[in-house]
Amino acid sequence: DLRVYDVYDQYPDDFYAYIIADSANSWKHIASIDYDVRIPEENDCYDPGQIWHFLKQAGDTYKILNERDSGVLEADGTVTSNGANVWMWTDNGGANQRWYIVSVNDKGFSLVNQSTQMALDCNGAVFTPGTNVQAWEINGSSAQTFSVYPLYNDSRDYSKPGKPPKVKVSVEGTQEAGSTVTVKWTESKLIGQYDNRS
């Protein structure tokens with residue numbers, strides 16, 4: 001029950017952070033991986049999929065955007081039982097896309113969905129790569145205890161990388177069976193230290 005926890009309101013209205021599964025056996029980032037939310041293969045502080053943009057909304061909730069995959073952090077609004085999936089979705093202003101940052105017994109924070117009142121949860125309290133992040137009733141367990149680690153803690157000046165330039169491809173030579181051709185392409189360089197796009 002959210003009423004027995006304290007909604008933490010000491011973060012700024014607009015900040016970037018890592019969401020880190022913060023247990024005795026883990027210090028694992030959570031990431032958007034193909035629009036699903038999971039524990040990634042490895043922590044990568046420069047992977048935009050592991051960087052989250054928190055924007056304050058009404059009632060001390062946050063809209064949480066991912067810096068690689070467009071959209072906002074959303075709990076499946078059609079499922080109100082334990083195990084509802086959490087994913088990235090287009091912002092529609094729904095309560096299932098708004099999250100409280102809640103203090104958990106001085107151990108860390110839980111992210112609690114405004115609509116379902118369920119907490120972000122690492123399935124089975126497992127923190128290995130590929131573990132799904134879901135919604136589960138609030139229980140204060142390690143599966144629901146996170147560190148919301150703002151990038152400004154490391155004096156990092158984060159800004160989302162711009163769109164990379166398009167690759168231009170050209171073919172020189174006769175394109176017939178048995179002939180040799182030369183394929184050339186322009187570079188599409190990564191932009192800055194936070195740009196880790198493949």
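The values are calculated or read from the model by the stated rules, or taken from the named source; none is laboratory data. Keep in mind the model is a prediction, meaning the values are calculated, not measured. Glycine also receives a Cβ, built like all others from the backbone with ideal geometry; neighbour counts cover every protein chain displayed. Just so you know, the surface numbers come from the protein's heavy atoms only, side chains and all, with ligands and any DNA or RNA stripped out. Shrake-Rupley method; radii C 1.70, N 1.55, O 1.52, S 1.80 Å.
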Exercise for the section: Would you list, by chain and number, the aspartates and glutamates whose Cα falls below 13 Å from the Cα of Lys184, excluding same-chain residues fewer than 8 positions away? Expected result: Glu172
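Would the chain count as rounded, prolate or oblate if I go by the C-alpha gyration tensor, calling it rounded below 1.5 in a/c and otherwise prolate when a/b exceeds b/c, oblate otherwise? Intermediate values should be presented prior to the final figure.
Working: a/c = 2.36, a/b = 2.14, b/c = 1.10.
Judged from the Cα gyration tensor, the chain comes out prolate (a/c at least 1.5, a/b above b/c).
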Handout entry: Inter-label distance for Glu137 and Asp9, nm, one decimal - labels placed 7 Å from Cα along Cα-to-Cβ
Key = 2.9
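Would you mind computing Rg(Cα) / (2.2 N^0.38 Å) for region 130-184, counting N as its residues? Kindly include the intermediate steps, with their values, before the conclusion.
Values: Rg = 25.3 Å, N = 55, 2.2 N^0.38 = 10.1 Å.
That ratio works out to 2.51.
Please give the per residue accessible area of the chain, computed with a probe of 1.4 Å over protein heavy atoms only, in Å². Before the final figure, lay out the partial values.
Working: 10500 Å² over 198 residues.
Ligands and nucleic acids excluded, the figure is 53 Å² per residue.
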Problem - Eligible aspartates and glutamates near Lys107 by straight Cα distance, threshold 17 Å, same-chain separation 8 or greater - result: Asp6, Asp9, Asp22, Asp121
Completion exercise
So, with points 7 Å from each Cα along the Cβ direction, the Asn85-Ser159 label distance in nm works out to 3.6
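Over region 40-187, calculate the relative contact order: mean separation of alpha carbon pairs under 8 Å at least 6 apart, over the residue count, as a percent. Before the final figure, lay out the partial values.
Details: 259 pairs, mean separation 22.6, N = 148.
Relative contact order, region 40-187: 15 percent.
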Fill in the blank from the handout: Taking a ≥ b ≥ c as the square roots of the eigenvalues of the Cα gyration tensor, with a/c under 1.5 meaning rounded and otherwise prolate when a/b exceeds b/c and oblate if not, region 82-133 is oblate
